[in-house]
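Worksheet: the structure to be examined is printed underneath.
The values are calculated or read from the model by the stated rules, or taken from the named source; none is laboratory data. Being a predicted model, the structure only gives us computed values, none of them experimental. Cβ sites come from the backbone with ideal geometry, for glycine too, and all protein chains shown count toward neighbours. Protein only, heavy atoms only, side chains kept; ligands, DNA and RNA dropped before computing areas. Shrake-Rupley method; radii C 1.70, N 1.55, O 1.52, S 1.80 Å.
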Amino acid sequence: MRLALLGYEQTASMDRADLIIINTCSVRAKAEQKAFSLLGRLARMKRNKRGLIIGVGGCVAQQEGEKILGRMPSVDLVFGTQAIDRLPRLIQQIETRRCRLVDVEMDEIAGIPEFLNGRRTESQVSKFVTVMRGCDNYCAYCVVPFVRGRETSREPESIIREIRVLVENGVKEVTLLGQNVNSYGKKQGLCSFPELLARIDEIEGLLRIRFTTSHPKDLSPGLITAFGDLEKLCPHIHLPVQSGSNRILKRMNRKYTIEQYLDKVAKLRDTCSNIAITSDMIVGFPGETEADFEKTLELIKTVEYDGLFAFQYSDRPSAPSVKLPHKISEPIKRERLQTLLALQEKFTKSKNKALVGSTQWVLTDGLSKKQASGQADAANPALQWTGRTPSNKIVNFYLDGHPDAKHSLTGQIIGVRIDKAFSHSLFGKAIGAELPAGGLKGVENYAA
Ligand code: SF4
């Protein structure tokens, strides 16, 4: 957005771009490899377009800094995770001096920049709002504390101001973001995370609130209660557990046990019976035995997650686990990942199937991908729309009798009767657009 002040605007294709910024992630080796392979392709593009400026930001930039300029002669700018607000100035310097720059300075007490400064935002249904950044947890496999810095939270007033402007511009749902979002405010003595949620819940015109990512140790009783009390807080929590074995959790420095984790899951379900729970898992952490892995599978069976993001462990430079002995071989990691994903697939499918016949209240994002790309079912003339349930499940649906109602459903909460369930989405027919009295929590047959 701020680059618009320098005269830049978004293009639909990279071939037409004068400035390309690659935002990198160093959490897994694969993401880093992909970023470098993209940079290789861009180098070829730059040979035919000499004025093209290529920048690399994010965690790999923070970690590798100047080395990227050495490895990739086509890159003009490397900027770290705290240099994002300095980006316009850096680009201006490159434009005027045709130089190559590196800015990976980090300030432990740096605040999070005020994003608003009175600017208007484009209208979209759902937006992310950063409420804190950085992390003080030092999980053994993670580079976040090294590349994103120490934990810092934004002032609640600044967050509320930003969300109000978003709502004025048509946003209906916000997802509060932070590496360890549920420890918001603790370190600086600001309000607690549940208090922040309660204040956001009062913003008129806002329909839904989500947040990610939570650390299980920071899931407080107050936050659990918020799922029962706050009307706009969606019944979904992403609660990364990483392993089902206490021995491995200790090696990972996760600071909770499986018993404590399960106790919190039970309390969440007591408070909000239809809450959807998703998680992250790492397989093949150094020293993970077959018995440890079996415990992870047992945990999946016990919790019956709505969805899981699972990954094979990979050494990341500067993560403490690099030094741990007993690394697991690639074939074993691959096999464990496949076993885990196959098990989870059963739960995801059966949870989705259980929703067939129910009415789900879907916040409509817009036309479905198929509709937008002209591949919708020709036999059904009704437009197909897409959105999410409060529990964050994707629903594609159509509305009989409104074949020309283009754009009219975007941003509306629509009651959809679910007819079909797939692995990653649901399909149904719209049956109404009125949110019943009592809001989402008062919906009869509400089975999110
Ligand atoms: S809590 Fe999350 S971000 Fe922080 S160190 Fe652990 S895995 Fe990384």
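Just the accessible area per residue of the chain, please: how many Å² with a 1.4 Å probe?
Working: 21140 Å² over 448 residues.
Value returned for the chain: 47 Å² of accessible area per residue.
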Remind me, what semi-axes does the stretch 272-328 give for its equivalent ellipsoid, largest first in whole Å, using sqrt of 5 times each Cα gyration tensor eigenvalue? 27, 14, 7
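Which entries in K333/K420; K187/K393; K30/K232; K255/K346; K369/K420; K250/K327 show an alpha-carbon gap greater than 27 Å? Each step should come with its number before you reach the end.
Numbers: K333/K420 34 Å; K187/K393 33 Å; K30/K232 36 Å; K255/K346 30 Å; K369/K420 17 Å; K250/K327 16 Å.
Violating the 27 Å limit, Cα to Cα: K333/K420; K187/K393; K30/K232; K255/K346.
Round to a whole number: what % of the accessible area of the chain belongs to carbon and sulfur, probe 1.4 Å? Intermediate results must be reported in sequence, preceding the final value.
Values: 10970 of 21140 Å².
Summing carbon and sulfur atoms, their accessible area is 52 percent of the total for the chain.
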Over the chain, what is the relative contact order in whole percent, taking alpha-carbon pairs under 8 Å and six or more residues apart? 10
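Give, in whole angstrom and from largest to smallest, the semi-axes √(5λ) of the equivalent ellipsoid of the stretch 1-116, with λ running over the eigenvalues of the Cα gyration tensor.
Numbers: eigenvalues 87, 70, 37 Å².
Value: 21, 19, 14 Å, ordered largest first.
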Could you pull the Rg and Dmax for the stretch 198-286, using just the Cα atoms, both in Å? 14.6, 49
Under-5 Å amide H pairs with D103, H placed in peptide plane, nonlocal only: V78, F79, G80
Please turn the phi angles of the stretch 230-238 into ³J(HN,Hα) values with the Karplus equation 6.51 cos²θ - 1.76 cosθ + 1.60 (θ = phi - 60°), one per residue in order, whole Hz, x for glycine and proline. 8, 5, 8, 6, 5, x, 8, 9, 9
Cβ-Cβ cut-off under 13 Å around R97, Lys and Arg +1, Asp and Glu -1: the net charge is +1
Determine ³J(HN,Hα), in whole Hz, for all residues of the stretch 293-302 in sequence, where each value follows from phi through the Karplus function 6.51 cos²θ - 1.76 cosθ + 1.60 and θ = phi - 60°; x replaces Gly and Pro. 5, 4, 5, 5, 5, 4, 4, 4, 5, 6
Looking at the chain, which Cys residues are left with no other cysteine's beta carbon under 4.7 Å from theirs? C25, C59, C99, C135, C191, C234, C272
With the chain reduced to its Cα atoms and the Debye formula applied, log10 I(q)/I(0) at q = 0.11 1/Å amounts to -1.04
